[in-house]
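*Asks:* Next up is a structure, given as structure tokens.
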Amino acid sequence: MYQYNDDDQQFLQQRCDQFREQTRQFLAGDLTAEEFQQLRLRNGLYIQRLAPMLRIAIPYGEVSAKQLRALAAITRDFDKGYAHFTTRQNIQLNWPKIEAMPDLLGRLAEVDMHAIQTSGSCIRNITSDQFAGVATDEIADPRPWAELLRQWSTLHPEFNWLPRKFKIAVTGAISDRAAIAVHDIGLRLQSDDAGLYFEVWVGGGLGRTPLIGVCINTRLEPKHLITYLTAILRVYNQLGRRDNKYKARIKILVKAMGKLDFQTAVNNAWQALKDGPETINEDSIARFAGHFSRPNYLALTDQAPSRSVITTDQPFDRWCAQNVLAHQQPGYAAVHISLKRTGIAPGDVSDRDLEALADLADRYSFGEARVTHEQNLVLADVEQTKLPELYKALGKHNLDRANRGLATDMICCPGGDYCSLANAKSIPVAAAIEETFQDAEAEHHLGALSINISGCMNACGHHHVGNIGILGVDKKGEEFYQLSIGGEPGEDARIGRILGPSVARAEIHWVVQRLTQCYQQHRLTEEAFNQTLDRVGIEVFKSAAYEGLAS
Amino acid sequence: MKLITTVNGYPEQQEIDLIWSGYDEPHRLNDAEQRSSAVSSLQIEPDALPDAFQHHLITARLILLHLPAFTDGRPYSLAAMLRQHYRYEGEIRVYGDVRAAQLDHLHRCGINSFVLKEDQDAASALGQIGYFSKWYQPNISA
Ligand code: SF4
């Protein structure tokens, strides 16, 4: 994991001091609310429905045990003892006070954490694959590049006032767990005889106008990463629309210009930068890679794989089959920890959960954990022989649910319970759906299925790329939900299609249930939801879904 | 580096020979200069692209960049391009909604002269420049 050096720490300290002064000026009336808003946003602070909300950055999802403990203490001292993991691999506090913010940021800085650029029209937290460095399908570790981009994008002088927010994701594996096609820039590490290179995708995104990105460079030499990205951002900063915030994302610009013209504009801008001072030299590539060297693995051998999830009724075997993943290092495994628990909002953790997780990370995974964009956690480096012990320990904290990738592993935004932009609540919808899946056996038989819920168009719950997507809409002051089906986030990314009229809150979970029943009824062996959908057609699902509903 | 304070945040017009925007025709202000084509001071609206006015960069000594709102990032990229791409070495002056908190980033993009908005404190504005001991990016020098 990347370790802060003196320069990083000094930078963070100065940033905290700067924000302390800005807050003082604001509270004293010397800084307008309008200006302070922009400054606080760039330090992660929103004003929400009921209270401010602070979004803390977890760069590419990597967090240490020490940081988890500090977060636990912060939720106690500054908040109500819980926090929420987001789809951007960040963590949010729901009830901090503005006046306390400088102290809170100071506490974060003590453990090399911050909230810089977690909101505002600037480059946001860089996201990546939660299994980086351990996945068996990995071509190259994306973390050194994600860290390099984190540094480059931090208070970049030119790109702090973009037309709109800007999200970058990096993956280095065959299976795209970072959803690069739905990011403003998506980077995919590839390799051929001539070495490593990046595929550069731009203009993907969800929100009001969901679009899959386009690949504008099929082979970018890694040393050009910064200069090429600077060129993209420069074109966007100059030409992106600023008159309408719903049309301000880069995806709208790329679409309006067309792939070819956009590519040409980027290449023209790149000519002035290419091979210039920001070209990444071999030394710094090696230095960044060095921050992510492999931990001190023991020389072990692989244990026999556990039984299939369907044929076993043993909870531990089931958990192994569902939540434990293969690892590059013999004798080790990556463990997925579900934060989708009955009675708790998806992605929410208490201070005690955070402390328990810190202890488990220390004991079983070199003191480190990862946050996934599906709002779960991962212990990436667990000895296979210690899995039974870990499973038991997780059980004590209600963290042992074997539902990775299953129906109850829903992605769900905070929605109307917290968010001031929401049209409808999303957490109670997740809870209602969850209730229809109380039978774990039945859920395992249903198999892989993604249900994603957003409380509004902004799509923080990634509803467009869920097999079943649920979007809160406001119908004359009442909460309604629009359904889409067939979405997919990964290497075969696609946007779900709207199913039909929106349905009332009281009905939504039954509609979801009928959709899953329809899938089970029509699927051929091993067929995934979207495959069945493509084969039988949306009308079959539509009539199943709306059966018995007054339209 | 130059810090200019004016009553309304806008510079005196007679300093400028030519106004360039992305949409309108270039607009000449200076009669004397109109006879010769040499332009020594240019006012650039944020929607202009440097390619269109680059022929004036040879004679220009002063470029004024308009920052219509403090949240508008375009002048930052314009300045960076003028320095990096077109190797312009003269004065780049930013005016408009220029606030103290913005000064450091503007400066780091190669802007070396600032018309500060009237309600801004000059001392605190100058204090912003070099506030951080180190950056993660190289600065574009003026
Ligand atoms: S999707 Fe909408 S309601 Fe949900 S968190 Fe995002 S902005 Fe808020």
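The values are calculated or read from the model by the stated rules, or taken from the named source; none is laboratory data. Only a predicted model underlies this, so the values are computations on that prediction, with no experimental measurement involved. Reconstructed Cβ throughout: ideal geometry from the backbone, glycine too, with neighbour counts over all protein chains shown. Only protein heavy atoms, including side chains, enter the accessible area calculation; ligands, DNA and RNA are left aside. Shrake-Rupley method; radii C 1.70, N 1.55, O 1.52, S 1.80 Å.
*Asks:* Among A:Asp359, A:Asp275, what's the order by accessible area (1.4 angstrom probe), most exposed first?
*Replies:* Accessible-area ranking of A:Asp359, A:Asp275, largest first: A:Asp275, A:Asp359.
*Asks:* Continuing with the same structure: In the protein assembly as shown, what cysteines have no partner Cβ closer than 4.7 Å?
*Replies:* A:Cys16, A:Cys122, A:Cys215, A:Cys320, A:Cys412, A:Cys419, A:Cys456, A:Cys518, B:Cys109
*Asks:* While we're on this one: Hey, rough spin-label estimate for A:Arg208 and A:Asp6, points 7 angstrom out along Cα→Cβ, what's it come to in nanometres?
*Replies:* Taking the two extended label points, one gets 5.0 nm.
*Asks:* Run down the aspartates and glutamates and flag those whose C-alpha is under 16 Å from the C-alpha of A:Lys251, throwing out any fewer than 8 positions away in its chain.
*Replies:* A:Asp184, A:Asp243, A:Asp261
*Asks:* Sort A:Cys412, A:Cys419 by accessible area with a 1.4 Å probe, largest first.
*Replies:* Working: A:Cys412 0, A:Cys419 30 Å².
Descending order: A:Cys419, A:Cys412.
*Asks:* What FRET efficiency comes out for the pair B:Thr59/A:Thr218, r = Cβ-Cβ distance, R0 = 51 Å, nearest 0.05?
*Replies:* On the way: r = 42 Å, r/R0 = 0.83.
The formula returns an efficiency of 0.75 here.
*Asks:* Just the Kirkwood number for the stretch A:411-546, please: inverse of mean 1/r across all distinct Cα pairs, in Å, one decimal. List each step's numbers first, then the result.
*Replies:* Numbers: mean 1/r = 0.0676 Å⁻¹.
Kirkwood radius, the stretch A:411-546: 14.8 Å.
*Asks:* Hull surface divided by four, with the convex hull built on the Cα atoms of the stretch A:345-451: how many nm²?
*Replies:* On the way: hull surface 30.9 nm².
One quarter of the hull surface, i.e. the mean projection, equals 7.7 nm².
*Asks:* Let me ask you something else. Calculate the tail of P(r) for the protein assembly as shown: the fraction of all Cα-Cα distances greater than 49 Å, expressed in %. Walk me through the numbers on the way to the answer.
*Replies:* Working: 39783 of 239778 pairs.
Of all Cα-Cα pairs in the protein assembly as shown, 17 percent lie more than 49 Å apart.
*Asks:* Expressed in nm², what is the orientationally averaged projection area of the convex hull enclosing the Cα positions of the stretch A:135-290? Don't skip to the end; give the middle numbers.
*Replies:* Values: hull surface 37.2 nm².
Directional mean of the projected Cα hull area for the stretch A:135-290 stands at 9.3 nm².
*Asks:* Quick one: angle between helix B:74-84 and the longest Cα principal axis of chain B, in degrees between 0 and 90, rounded to 10, please.
*Replies:* Taking the Cα atoms of chain B, the angle to B:74-84 is about 80 degrees.
*Asks:* Here is a further query. Out of the DSSP beta bridges found with both residues in chain A, what percent are antiparallel (nearest 5)?
*Replies:* Numbers: 50 of 63 bridges.
Within chain A, antiparallel bridges account for around 80 percent of the total.
*Asks:* Rolling a 1.4 Å sphere over the protein heavy atoms, what is the accessible area per residue of the stretch A:314-426, to the nearest Å²? List each step's numbers first, then the result.
*Replies:* Details: 3570 Å² over 113 residues.
Result: 32 Å² of accessible area for each residue.
*Asks:* A further question follows. Name the long-range amide H neighbours of A:Asp381: under 5 Å, sequence gap of 5 or more, or other chain; modelled H, no Pro or chain starts.
*Replies:* A:Val335
*Asks:* Shifting gears a bit: Report the net charge of residues surrounding B:Gly110, where surrounding means a beta-carbon distance below 15 angstrom and charges are Lys +1, Arg +1, Asp -1, Glu -1. It would help to have the intermediate numbers written out before the result.
*Replies:* Details: positive: A:Arg234, B:Lys2, B:Arg74, B:Arg83, B:Arg87, B:Arg93, B:Arg108; negative: A:Glu158, A:Glu278, B:Glu89, B:Glu91, B:Asp104.
That sum, taken over residues with Cβ under 15 Å, equals +2.
*Asks:* Further question: For the stretch A:29-35, take each phi angle, set θ = phi - 60°, evaluate the Karplus expression 6.51 cos²θ - 1.76 cosθ + 1.60, and give the result in whole Hz per residue in order, putting x for glycine and proline.
*Replies:* With coefficients 6.51, -1.76 and 1.60, one gets x, 8, 10, 5, 4, 4, 6 Hz.
*Asks:* Same structure, new question: Using the C-alpha atoms of the stretch A:307-395, what convex hull volume per residue, in cubic angstrom, is computed?
*Replies:* Details: hull volume 9.5 nm³, N = 89.
It is 107 Å³ per residue.
*Asks:* Related question: Taking amide H atoms as placed 1.01 Å from N in the peptide plane, list the residues 5 or more away in sequence, or in a different chain, whose amide H sits under 5 Å from that of A:Asp348.
*Replies:* Residues meeting the amide H criterion: A:Phe85.
*Asks:* Additional query: Kindly report the accessible area of the stretch A:202-303 per residue (heavy atoms of protein chains, probe 1.4 Å, no ligands, DNA or RNA), in Å².
*Replies:* About 49 Å² of surface per residue is accessible.
*Asks:* Grab the beta carbon distance between A:Asp492 and A:Leu549, set R0 = 41 Å, and tell me the FRET efficiency rounded to 0.05. Walk me through the intermediate numbers first.
*Replies:* Numbers: r = 31 Å, r/R0 = 0.76.
Efficiency for this residue pair is about 0.85.
*Asks:* Among bridges DSSP assigns within the stretch A:411-546, what percent are antiparallel (round to 5)? Could the numbers behind the result be given before it?
*Replies:* On the way: 13 of 19 bridges.
Here the antiparallel bridges make up roughly 70 percent for the stretch A:411-546.
*Asks:* Next question, about the same structure. In nanometres, what is the gap between the two model label sites at B:Ala123 and A:Ala304, each 7 Å from Cα along Cα-to-Cβ?
*Replies:* The answer from the label model is 7.9 nm.
*Asks:* Pulled fully out, how much extra length does the chain show between A:Asp313 and A:Arg294, if you take 0.36 nm times their separation in residues and subtract their Cα-Cα distance? Intermediate results must be reported in sequence, preceding the final value.
*Replies:* Values: separation 19, 0.36 × 19 = 6.84 nm, distance 3.58 nm.
Full extension from A:Asp313 to A:Arg294 adds 3.3 nm.
*Asks:* Residue by residue, what Karplus-based ³J(HN,Hα) values in Hz, rounded to whole numbers, does the stretch A:364-378 have, using 6.51, -1.76 and 1.60 with θ = phi - 60° and x for Gly and Pro?
*Replies:* Karplus values, whole Hz, x for Gly and Pro: 10, 9, 6, x, 9, 9, 10, 9, 9, 6, 8, 6, 10, 10, 9.
*Asks:* FRET efficiency for A:Leu196 and A:His445, Cβ-Cβ distance as r, R0 = 30 Å, nearest 0.05? Display every interim value, and only then the final one.
*Replies:* On the way: r = 42 Å, r/R0 = 1.39.
Between A:Leu196 and A:His445 the formula returns 0.10.
*Asks:* Excluding residues on the same chain fewer than 8 positions from A:Lys386, give the lysines whose Cα lies under 19 Å from its Cα.
*Replies:* Filter leaves A:Lys396.
*Asks:* Let me ask something additional. Output wanted: per-residue J couplings in Hz (rounded whole) for the stretch A:130-145, from phi through Karplus 6.51 cos²θ - 1.76 cosθ + 1.60, θ = phi - 60°, x for Gly and Pro.
*Replies:* 5, 9, 4, x, 10, 5, 6, 9, 7, 8, 7, 5, x, 5, x, 6
*Asks:* A follow-up question, please. Compute the projected area of the convex hull of the Cα atoms of the stretch A:466-551, averaged over all viewing directions, and report it in nm² to one decimal place.
*Replies:* Details: hull surface 22.9 nm².
For the stretch A:466-551, averaging the hull's shadow over all directions gives 5.7 nm².
*Asks:* What per residue convex hull volume, in Å³, comes out for the stretch A:58-213 when only alpha-carbon positions are used? Let's see the in-between values first.
*Replies:* Values: hull volume 21.2 nm³, N = 156.
Convex hull of Cα atoms, per residue: 136 Å³.
*Asks:* To continue, here is another question. Determine the residues within the stretch A:11-29 where the difference in accessible area between the chain on its own and the full set of protein chains amounts to at least 50 Å²; count protein heavy atoms only and use a 1.4 Å probe.
*Replies:* A:Phe11, A:Gln14, A:Gln18
*Asks:* While we're on this one: Taking amide hydrogens as modeled 1.01 Å from N in the peptide plane, which residues meet the under 5 Å criterion relative to A:Ala57, leaving out close sequence neighbours?
*Replies:* A:His114, A:Ala115, A:Ile116
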